[in-house]
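What follows is one structure encoded as structure tokens, with my remarks underneath.
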Amino acid sequence: MASVNLSLRVFLVYFALIGMAAYWGFTVVSSQVKPTIRQTTEETLVEMSNLLAEFALPVVQNPQQQHAFSQHVDNFLKRQYNATIFGVKKEDASIRIYMTNASGIVIYDSSSLAIGQDYSRWNDVYLTLQGQYGARSSRRVPGDETTSVMHVAAPVKFQGDIIGVLTVAKSNQSLRPFFALINSKLKYWGGLFLVLSLLAGAILSYWLTGSIRKLVKYAKQLTKGENIPPPKLSEPELISLAQAMKNMREKLTGKEYVEEYLLTMTHEMKSPLSAIMGAAELIEPSMQDKDLQHFTSNILLESKRLNGFIQRMLDVARIENLSHLEKTQPVDLNNLITAVVAQKQTEAHKKDIKLTFICKDDVCIAGNDFMLQQVVDNLIGNALEFSPQYGQVNILCHAQAGDISIEVADEGLGIPEYALPRVFERFYSLPRPLSGKRSSGLGLTFSKRAIELHGGDITLENISPNGARVRISLPKI
């Protein structure tokens, strides 16, 4: 089963909490809507019943005089309203009014449903006649809550005595549009709140895990060997972790570096040492001068080769430990490259290679003369080694916007595609076309680091129809 990433887990936990909170809030609010509306309605009915009770005294005292009261109530019930209450239209009255005498017998009913009936046992009448607050809620159809009717009574008094009861009844069905409206509003705003909360949750989870994603990316870059600073983080714990990862990588890199150096040195030194030892073992005092000269020349040649390798190792080690150039001076690249080209002409003539250098601009930079001379020497030497006989090596130096460019191009077979990403790696080298031998693989490593210390950049690419070109870019003074 695939693992769930941290961002999604944070979001799911947030979603669960928000979902439960929203459900609980909706349930609580919904459960309080009906009681609240009914309580408000009951309060209104209390006031209305007490007001009407003041006008009902003549009717209770003399039921024969109820005509005027009845007429007013009928006119009231027939009124057409043009009211909109919170989006719900109110067009007519939805109440019933009835009165009883002191015995609980109904003497007036606006709906003409219970005149003459005994209501003394109903709580609204019974409690009011006892001097208490009388109210009840009854269902017209047993078991059907939608037929529930609220009854609120008020005493009809004469000289302080209760002589009757006036009850105002209102069907809860008339309140259903308000219940529906409030539920609709709750669902709308609740849904909107949930959507906004989920959006906020997604943003929050992404933000909370942002530093961790940076740290993961940094770890992957360190794994690839990239030398980059730790990412900018806001959490002290993650900052410490990033620094620890960097320190660990540096220590591992240093260990790998030493191991690789030892292995390469052993391999590179073994060949010339074996040649020197073999030649030395074969030399005898009685040997002919011709043979003696041959073995002596081999010893000298292999000694120079070994010394050159050791010197190159020392140069690379020294330059890799530098974080910046300690001392710089004005360097005229025209003069520097001209001198190196003159030194390389002998090597070029041996292979009948035409070595040309063109520079028409003022190409002065601030740098280290020795390092730059080594770089140019390495690049021209590589170009000569990989060039075919009767080929041509062209060196071009020119100024461009803000930079100075140096190009060294040969007409060899070019660099294999698989080797292009690795040509600047330490100890990586390709066999020479004629001899099949490999170099120490340190020349381009030295060159790349030296150019970086000068604030420049170096690239190597294949050119059409054949050959390779090294391009260096250095900042002007």
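Numerical summary
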| item | result |
| --- | --- |
| Hits in segment 329-357 - residues which are part of a strand (DSSP E or B) and touching a residue at least 40 places away in the same chain (Cβ under 8 Å) | Gln329, Pro330, Val331, Leu355, Phe357 |
| Residue among Ser137, Ser205 that alone is in a strand (DSSP E or B) and on the phi < 0 side of the Ramachandran plot | Ser137 |
| The listed residue being within 17 Å of Ser447 (Cβ to Cβ) and polar (S, T, N, Q), out of Asn394, Asn378 | Asn378 |
| Residue match in segment 268-287 (condition: under 60 Å from the mean Cα position of the chain (by Cα), part of a helix (DSSP H, G or I), at pLDDT below 75 and buried (at least 16 other Cβ atoms within 10 Å of the Cβ)) | yes |
| Qualifying residue in segment 170-188 (condition: part of a strand (DSSP E or B) and either under 21 Å from Thr41 (Cβ atoms) or in contact with a Phe, Trp or Tyr (Cβ under 8 Å, 6 or more places away or on another chain) (or both)) | yes |
| Residue tally, condition under 49 Å from the mean Cα position of the chain (by Cα) and not in a loop (DSSP other than H, G, I, E, B), over segment 388-405 | 9 |
| Count of segment 188-212 residues which are without any contact (Cβ under 8 Å) to a residue 60 or more places away in the chain and surrounded by fewer than 15 Cβ atoms within 10 Å (Cβ to Cβ) | 11 |
| Subset of segment 87-107 (residues that are closer than 18 Å to Ala135 by Cα, assigned to a strand (DSSP E or B) and touching a residue at least 40 places away in the same chain (Cβ under 8 Å)) | Ile95, Arg96, Ile97, Tyr98, Met99, Thr100, Asn101 |
| Near pairs, Cβ below 9 angstrom, 6+ apart or cross-chain, from segment 153-178 (free of Cβ contacts under 8 Å to residues at least 24 places away in the same chain) to any residue that is surrounded by fewer than 18 Cβ atoms within 10 Å (Cβ to Cβ) and not in a strand (DSSP E or B) | Asp161/Ala102 |
| Any hit, segment 143-161, residues being outside any loop (DSSP other than H, G, I, E, B), buried (at least 16 other Cβ atoms within 10 Å of the Cβ) and in contact with a Phe, Trp or Tyr (Cβ under 8 Å, 6 or more places away or on another chain) | yes |
| Number of the exception - Ile37 against (1) in a helix (DSSP H, G or I); (2) touching a residue at least 60 places away in the same chain (Cβ under 8 Å); (3) buried (at least 17 other Cβ atoms within 10 Å of the Cβ) | (3) |
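Table: residues versus (1) loosely packed, with under 13 Cβ neighbours inside 10 Å; (2) out of contact with any helix residue (DSSP H, G or I) (no Cβ under 8 Å at 6 or more places or on another chain).
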{"site": "Ile337", "(1), (2)": "no, no"}
{"site": "Thr346", "(1), (2)": "yes, yes"}
{"site": "Lys351", "(1), (2)": "no, no"}
{"site": "Lys360", "(1), (2)": "yes, yes"}
{"site": "Ala366", "(1), (2)": "no, yes"}
{"site": "Gln373", "(1), (2)": "no, no"}
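The values are calculated or read from the model by the stated rules, or taken from the named source; none is laboratory data. This structure is a prediction, so every number in the text was calculated from the model and none was measured. Cβ atoms come from the backbone with ideal geometry, glycine included; neighbour counts cover every protein chain shown.
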